[in-house]
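The values are calculated or read from the model by the stated rules, or taken from the named source; none is laboratory data. Source: prediction; values computed, not measured. No Cβ is skipped: glycine too gets one built from the backbone with ideal geometry, and neighbour counts run over all protein chains shown. With ligands, DNA and RNA removed, areas are computed over all heavy atoms of the protein, side chains included. Shrake-Rupley method; radii C 1.70, N 1.55, O 1.52, S 1.80 Å.
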Amino acid sequence: MSITAPNPALRDSYERIALVSHPRHLDQLGAPDPSTLVIATEWLTWWEAKNKGYHATHYESRLAPWPDEIGRFEDIYLKACEWVYVDGKDATQYKGVSLGQAFGKAATLAWMAATRLDFALDKICREVRPSEMILFDLSSHFSILSDPAKRGLAADIAKRHSIRFTERLDSVADDEPLCQTRPIYTGSGAEGGMRAQLQKIYGILIGAISYGVWLLHRRRPKIFIFASHLTSISLVRHFSGDRVAPVFLARALPKNPRFLWQCWRKGILLVHLPGPCRRGGIIGKIAETFVSVWRRDKAGNAQTVHRIFLQRLFQSGRIHALADQVDRFDRLLHLHRFERVISGDVSNSAGRVICDLSHAMGIPSDETLNGMFLCNLKDPSRCGDGIKAPTLSRELAMGDINVEWLDATKAPIERVITGYPALDAVKKRFPTPPTKRKRKNALVLPGHAGKVDVTALRASFVPLLINCVRVLKHQGFDAIRIKLHPEVDNRHYYENLVERFGLPAEVHDDYNFLDHLEWTDVVVGPATSGTFLETLAAGKPYYVYRPPFSSIPDTYLRSATVVSSATELSSVLANGIEPDIDAILQDFCATKTIANASERMWQVLEDSVSQGRPVPHTPKPTILEPGHRAAK
């Protein structure tokens, strides 16, 4: 099932190559022909082609290990955002916010898709020296490449090698079972509808009451907190100070009377995000600038494909929706005159907008990470980009691993360890860890490559999941669930896998992970999921799978029980090896040195706002010895 395993049936040269992403393309191509090499860009299609007798390879097999020719993977985020600069200035700047860099995550995925495909297909053409290329489709993570991008990329490679190009483009639709991930980076990005109107009315009403609450609490200095749901809930629950007035967006928190009363009693303000303002044609002028530059400057194949994606950002309205978001947060920050702002994950567009705006207004900003950051990518907000300095002031690090990660990315910002407040909410749900291990229920989480694990192969995660399910069944688990991320994974794809391979598992894609955590006895999943820490906080074992060619350093997972194959998972389960939960949580969240992360974060924030008060000393980091490792 491994795309990198040697295949002695493959020849040194082929008359033609066919680019496919769906089994139907094999039917369109015709019967297996030893003079034709099928190049699949989706794992299941490669598997079907191989088993039907086609000479088949997967394009990612030419990307292992990460090719030096592509450049340092640590810099790809910065490289994917270089387009914003025209004559040394950020031409996407709006109210102090780099609109282009706020789309950095999507731009990076598009750049990676184009660069990886261009390199791999070029290498295959040099190896097998075909006379013809037939294009059926090129799949990409989150369907991020459009038809013009696919067509242009393939045609350019064919021209480069003097190959006859035959286009039979038949793109796989976003909702088809063979599309693994949802198209979350396309569409307009605009909000609307009845729900948005109801949220607006609710927010205005609650915001008016909150203003009265603020007056009653002696107009304490305000700090704005834009964090994950679990982190926000934990911070509200554990706030007991009288030196600051925490401010949260009303729409992001529970709306029941008991919770609202808890907020107002403590002097916590819930506010509405104001509407956008009229800004004339400034966004249109930004788009015109780049159209002019792109017409003037020639680009290589991958860069041209990247530009096609960027043009879609302008044409789809997503750039206008982002400018609306800038206007709304700008009005919020000016209205409330915050002493400090806290943003969750500045690599997300909203987090980046808040960080850039506060920097432009001279307001100190903190980041509290949501989930796992283990790939040493440099982000402009944290590290700068060689032209602009970081806009983030300080990192509220969860633990030692976060600090090591910041050091590895050479982020020059201040950092202080506060623990991970989201775990306080998990511990409330699971106050008593299980005293006896059972082998009844198991939960398996799909993994992804892309930005969270740059050098890993997308095609390695699917067979790993299939075989892990089989191992769990063999090891005596009665019920197995495959739990998807509801906003990322395509349910139909995984249901198709279950049916195709006869897997003894159910597929779930709801939002209630803690309900699944209560049901399960063990979790198997990637290191890049925040559920890793939530599972351990509930006192249940989480076996980390780290695929071959991963960009995640071993040192970050030194205390975890790590497997890189289903065989290794079988070995650790058969030998009764369990993760050292206390060691892992100390490494990642400083749980031994910080008893309550929410209270610790409030202490840091209140002392930062109070005049003449130094930030309390960070507990001394503890570097633990490596824990259990899977047998090789």
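Each residue of the range 52-65 is assigned a 3J(HN,Hα), and the resulting list reads 8, x, 6, 6, 9, 9, 9, 4, 5, 4, 8, 10, 10, x Hz, derived from the Karplus form 6.51 cos²θ - 1.76 cosθ + 1.60 (θ = phi - 60°), x at Gly and Pro. Per-atom-type breakdown for the range 1-121 gives carbon and sulfur 50% of the accessible area (1.4 Å probe, protein chains only).
Taking the 0 to 90 degree range and rounding to the nearest ten, how far is the long axis of helix 458-474 tilted relative to the main principal axis of the chain, both from C-alpha atoms? Roughly 80 degrees between the two axes. Packing-based ranking of 384-391, 26-33 yields 384-391, 26-33, ordered from highest to lowest mean Cβ neighbour count within 10 Å.
Distance cut-off 19 Å, Cα to Cα: go down the list 123/298; 79/123; 285/378; 79/388 and report the pairs above it. Can you show the working numbers first?
On the way: 123/298 23 Å; 79/123 22 Å; 285/378 29 Å; 79/388 14 Å.
The answer is 123/298; 79/123; 285/378.
If R0 is 51 Å, what FRET efficiency do you get for residue 169 and residue 518 from their C-beta distance, rounded to 0.05? So the FRET efficiency works out to roughly 0.65. The listed residues 331, 220 rank as 331, 220 when sorted by accessible area, largest first, using a 1.4 Å probe.
Note on residue 262/residue 436: beta-carbon distance plugged into 1/(1 + (r/R0)^6) with R0 of 25 Å gives a FRET efficiency of 0.10. Using only alpha-carbon positions in the range 222-277, the gyration tensor eigenvalues give semi-axes of 18, 13, 11 Å once each is multiplied by 5 and square-rooted (largest first).
What residues from the range 136-150 fall in the zone where the backbone N is under 11 Å from a label point 7 Å along the Cα-to-C-beta line of residue 176? 136-139, by backbone N distance to the label point.
What percent antiparallel are the DSSP beta bridges of the chain, to the nearest 5?
The antiparallel proportion sits near 10 percent.
Placing pseudo-labels 7 Å out from each Cα toward the beta carbon at residue 487 and residue 335 gives an inter-label distance of 2.3 nm.
Under 5 Å from the amide H of residue 489 lie the amide H atoms of 182, each residue being 5 or more positions distant or on a separate chain, with H modelled from the backbone and absent for Pro and chain starts. Couplings 3J(HN,Hα) of the range 516-529, computed from phi: 5, 5, 5, 6, 7, 9, 7, 10, 10, x, x, 6, 7, 9 Hz, in residue order, whole Hz [Karplus 6.51 cos²θ - 1.76 cosθ + 1.60, θ = phi - 60°; x for Gly and Pro].
Residues whose amide H lies under 5 Å from that of residue 559, counting only those 5 or more places away or on a different chain, are 627; hydrogens are built 1.01 Å from N in the peptide plane. Backbone geometry of the range 337-342 corresponds, through the Karplus equation with coefficients 6.51, -1.76 and 1.60 at θ = phi - 60°, to 3J(HN,Hα) couplings of 6, 5, 7, 7, 10, 10 Hz, x marking Gly and Pro. Potential lengthening of the chain between residue 495 and residue 407 amounts to 27.5 nm, from the contour at 0.36 nm per residue minus the alpha-carbon distance. A straight Cα-to-Cα reach below 27 Å connects residue 473 with the lysines 50, 436, 438, 440, 483, 540, 632, residues fewer than 8 places away in its own chain not being considered. D by Stokes-Einstein for the range 306-397, Kirkwood Rh over Cα pairs, 25 °C, 0.890 mPa s: 172 µm²/s.
A crude spin-label estimate for the pair residue 567 and residue 361, with each label 7 Å from Cα along the Cβ direction, gives 5.8 nm. Using a Förster distance of 41 angstrom, determine the FRET efficiency expected from the C-beta separation of residue 295 and residue 200, and round it to 0.05. Computed FRET efficiency for residue 295 and residue 200 comes out at 0.50.
Compactness of the range 431-476, taken as the C-alpha radius of gyration over 2.2 N^0.38 Å, stands at 1.55.
Measure off 7 Å from each Cα along the Cα-to-Cβ vector at residue 68 and residue 610, then give the distance between these two points in nanometres to one decimal. Distance between the two pseudo-spin positions: 5.6 nm. A helix-only calculation puts the chain at -13000 deg cm²/dmol for mean residue ellipticity at 222 nm, using -39500 (n - 2.57) for each DSSP H run of at least four residues, averaged over all residues.
In this structure the amide hydrogen of residue 165, modeled in the peptide plane, comes within under 5 Å of the amide hydrogens of 133, none closer than 5 places in sequence on its chain. Size check on the range 1-142: the Cα extents along the three principal axes, sorted descending, read 59, 29, 29 Å. Geometric descriptor of the range 521-605, per residue, is 106 Å³ (volume of the convex hull of the Cα atoms). Classify the chain: rounded, prolate or oblate, from the alpha-carbon gyration tensor (a ≥ b ≥ c, eigenvalue square roots; a/c under 1.5 rounded; otherwise prolate if a/b is larger than b/c)? Because a/c hits 1.5 or more and a/b fails to exceed b/c, the chain counts as oblate.
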